[in-house]
Amino acid sequence: MDLDERLRNVAVVGAAGKMGRGIALLLAREALRIIARESSGREGAEGASGTPRLSLIDPARAAHHGLVEYIMRHTVAQALGDAPGDDGPRDGDREREALERLLSLSTDLDGARGAKLVFEAAPENLRLKADLLRDLRGLCPEDAIFLTNTSSIPIHVLEEESGLRGRIIGFHFYNPPAVQRLLELITTDSTPSEIDELGVRLAERLGKLVVRSADVAGFIGNGHFIREGAYALARAREIADGGLGFEGAVRAIDIVTREALLRPMGIFQLIDYVGIDVFAAIADVMSDHLEGEDLRHPLLDRMLASRRRGGQDPTGAQTGGFLRYEDGRPTGVFSLADEAYRPLAEIDPRVRERLGDLPDAPQWRTLRKDSERDEKIARHFAGLEASRAPGARLALEYLERSREIAAELVRSGVASAGADVDRVLVEGFHHLYGPLSIPGWSE
């Protein structure tokens, strides 16, 4: 069965979630391209196998309307932007009508019955995912292929737990799936070559840049991110005990990881963006499956016990975690002592004084499209190395830990080469450089 035939009958489980709806949008766009090719006269409007179907399954019935609206809005906007009609701009009715015929919504797994491709985008919980996949195995044809969006659970574990040996691959999209180019592809020793090849072709059809990861908990992306986060948490405790307090320590590390390391977000802002609960769940999975390594941290439990989870609300706005946000910008830091946010105006003067004078750094946003980016990055890090400011030392120590993590991912075989780690961090986390290829630095 070729890929086009499989794409005529696809199911997404967990479709109303943050990742699931982005995956559903990508698949809806691809299905519409198939329909458009067929309606152009090559195969007829419905083709030899009937009208394509995209089954969207999520137990949260109340979220179904918003899911459909999301797919409709973004699909129509892209269609109108990419291809106006022969007689001028279209109103999108053609796309809306096609989506109405394509989309099928359900609150239970029976909606996936008959699907040839099944995407699983459930929360990062081994038992939940394994149970869902086992149930889906009994509903779908014996030749159905399953793709899990897990960001940390070893695929061979899901394979064995669900009974899907040789029929499941890791297809780890980055958030938001409809925008991020990167996709981590993970196979097992049981994966047939034809399913591996189909995964690569499908990723390319969806416009993704494929990076292969070995089947090790956390893969490349979270293998790096969670370890960096664990290091930041440990340093925060150390700096807090040194006199800055918890809020000052969080803010200090966030400043140096964003400003001094030229990143789009500081590490604590990034943990908030992902969600403290999600970060903790991934750390749990990795700790359970990596011998001799425990990435859990009591500060995560303290934050969750205080109902600080981070992540985004239904409107897409960032919610409070380690930091408080207004219009997407940090405005305060959470105090564990009184379980309230303290404004940055109270915290920053003391933190900035403790960090000292950091070298003037170009902003990440400015550097992204700068034709002299590499030269400016090299000069910036040379300035950090020459500085005696405590903040510069903290930044360089953090960077060295980042490089150690990246090198270990290569040494242990999780990544086949340093370029793959760099590619994941540049494409998936939007860093300006990879930790193993910093302009002006030798390996």
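Counting residues in the stretch 86-108 that are among the β-branched types (Val, Ile, Thr) and within 26 Å of residue 61 (Cβ to Cβ) gives one or more.
Filtered by the rule that a residue be within 17 Å of residue 61 (Cα to Cα), of a type in the set (Gly, Ala, Ser) and over 21 Å from the mean Cα position of the chain (by Cα), the stretch 109-135 gives 111, 112. On the stretch given as the stretch 423-443, residues that are out of contact with any helix residue (DSSP H, G or I) (no Cβ under 6 Å at 6 or more places or on another chain), buried (at least 18 other Cβ atoms within 10 Å of the Cβ) and under 15 Å from residue 221 (Cβ atoms) total 4.
Being within 16 Å of the chain's Cα centre (by Cα), at pLDDT below 95 and not small (Gly, Ala, Ser): is that true of residue 179 here?
Taking the combined requirement at face value, the residue satisfies it.
When we screen 246, 268 for residues that are in contact (Cβ under 8 Å) with a residue 24 or more places away in the chain, crowded, with 23+ Cβ neighbours inside 10 Å and assigned by TED's automatic domain parsing to the domain that holds residue 332, the only hit is 268. How many of the residues in the stretch 339-366 are farther than 19 Å from residue 380 by Cα and of a type in the set (Phe, Trp, Tyr)? Adding up the residues that qualify gives 1.
Each row is one residue, and each column tells you yes or no for (1) among the charged types (D, E, K, R); (2) surrounded by 13 or more Cβ atoms within 10 Å (Cβ to Cβ); (3) within 30 Å of the chain's Cα centre (by Cα).
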site	(1), (2), (3)
324	yes, yes, yes
331	no, yes, yes
340	no, no, yes
361	no, yes, yes
364	no, yes, yes
374	yes, yes, yes
387	no, yes, no
390	no, yes, no
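One residue stands out in the stretch 376-385 among those that are free of Cβ contacts under 8 Å to residues at least 60 places away in the same chain and not small (Gly, Ala, Ser): the one that is surrounded by the most Cβ atoms within 10 Å (Cβ to Cβ), namely 376.
In this structure, is residue 65 at pLDDT 90 or above, assigned by TED's automatic domain parsing to the domain that holds residue 121 and exposed (fewer than 12 other Cβ atoms within 10 Å of the Cβ)? Taking the combined requirement at face value, the residue satisfies it. The set of residues in the stretch 398-415 being assigned to a helix (DSSP H, G or I) and either among the aliphatic types (A, V, I, L, M) or touching a residue at least 24 places away in the same chain (Cβ under 8 Å) (or both) consists of 398, 399, 401, 402, 403, 405, 406, 407, 409, 410. Once the stretch 347-359 is narrowed to residues that are among the basic types (Lys, Arg) and under 17 Å from residue 257 (Cα atoms), the residue that is surrounded by the fewest Cβ atoms within 10 Å (Cβ to Cβ) is 352. For the stretch 395-422, filtering for residues that are surrounded by 19 or more Cβ atoms within 10 Å (Cβ to Cβ) and under 20 Å from residue 171 (Cα atoms) leaves 6. Residue-level analysis places residue 436 among those that are in contact with a Lys or Arg (Cβ under 8 Å, 6 or more places away or on another chain) and among the aliphatic types (A, V, I, L, M). Of the residues making up the stretch 307-365, those that are touching a Gly at 6+ places or on another chain (Cβ under 7 Å) and among the hydroxyl-bearing types (Ser, Thr, Tyr) are 319, 341.
The values are calculated or read from the model by the stated rules, or taken from the named source; none is laboratory data. Computed from a predicted structure; not experimentally measured. Please note: Cβ atoms are built from the backbone with ideal geometry, for glycine as well, and neighbour counts cover all protein chains shown.
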